[in-house]
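Written below as structure tokens is the structure these notes are about.
The values are calculated or read from the model by the stated rules, or taken from the named source; none is laboratory data. On a predicted model such as this, the values are computed, not experimentally measured, just so you know. FYI the Cβ positions are ideal-geometry reconstructions off the backbone, even for glycines, and counts take in every protein chain you see.
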Amino acid sequence: MRLIMLLLAKELRDIHRNRGVASLYIAMPLLMVVFTVGLTWAVPRILEFARTQQDPGMLATIRVARAIPEFAGLPEPLAVTRYFLRLLVGFYLLGPTIGAGTAAAFSIVGEKTQRTLEPILATPITDRQLLLGKMLGAVVPPIIASWGVALVATIGVDVIGWQRFGETLLPDRFWLVGVLVLGPLLGAAATLLTMRLSARMTDAQAANQATALIVMPVFLLVLGVFGRVMIASFTAALASCGVALAVAVYLLQVNLARFRREEILTRWK
């Protein structure tokens, strides 16, 4: 564990020096807070626009919100607000996935291009310690950022909810499971998949592009297919956590089984 924590500290220093990754950790959380609080504040105006303009898309969204059993007996503005907030859980899953995947793209190949990987691999550190340390280095910062952003957004949303409806809106059980459990698990899975790609490449930019072309489309496809079920059924949300955990464990085992430090040391140019 001591070796893993030392490697984690090194990874965090590397991320801090990488302006592209560090700026992503700053820009995306700000966007998430502004979007969450702004959308909550704008719900009455959205409803007014939908009724006045007879916008078919917004009217369909209102019908979907009212059709969820939990929201059926609520006033329309409150039901739509809670529905939008539940949809935004997916936004907080995206943060750890993008942030961790971007950092992990540089985890192995970045060390190679900087000529710092060989000294690390020559130490007594095991493959498991190395991969766990690098995984934690990639996934911990975006998870902490996501949790901090969710806390700030919750405060802002609850201020609006208390003034408008006389009750707090967040966190509900979907938010707690999504932000605290599912987000980190998806971030870990994205990190491990990207690390596998990074270990097979010799260029950091190519690894980052491969992440954008493989990891993000898969995430968006899964969210698009199963997202509506996950926000309507708490059982489905819990099942998603189980699936994400199984995928992360499987990818960790694959990385451990196929990681070849000798090949990296002798064949990479």
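Among 45, 82, 51, which is at pLDDT 85 or above, exposed (fewer than 15 other Cβ atoms within 10 Å of the Cβ) and of a type outside the set (A, V, I, L, M)?
45
Quick one: would you say residue 74 is outside any helix (DSSP H, G or I), free of Cβ contacts under 8 Å to residues at least 12 places away in the same chain and among the aliphatic types (A, V, I, L, M)?
So residue 74 passes the test.
Considering only segment 151-188, how many residues are closer than 30 Å to residue 138 by Cβ, assigned to a helix (DSSP H, G or I) and more than 10 Å from the chain's Cα centre (by Cα)?
Of the residues in that region, 14 qualify.
Have a look at 146, 107 and point out the one that is at negative phi, modelled with pLDDT of 80 or more and of a type in the set (Ser, Thr, Tyr).
Answer to the check: 146.
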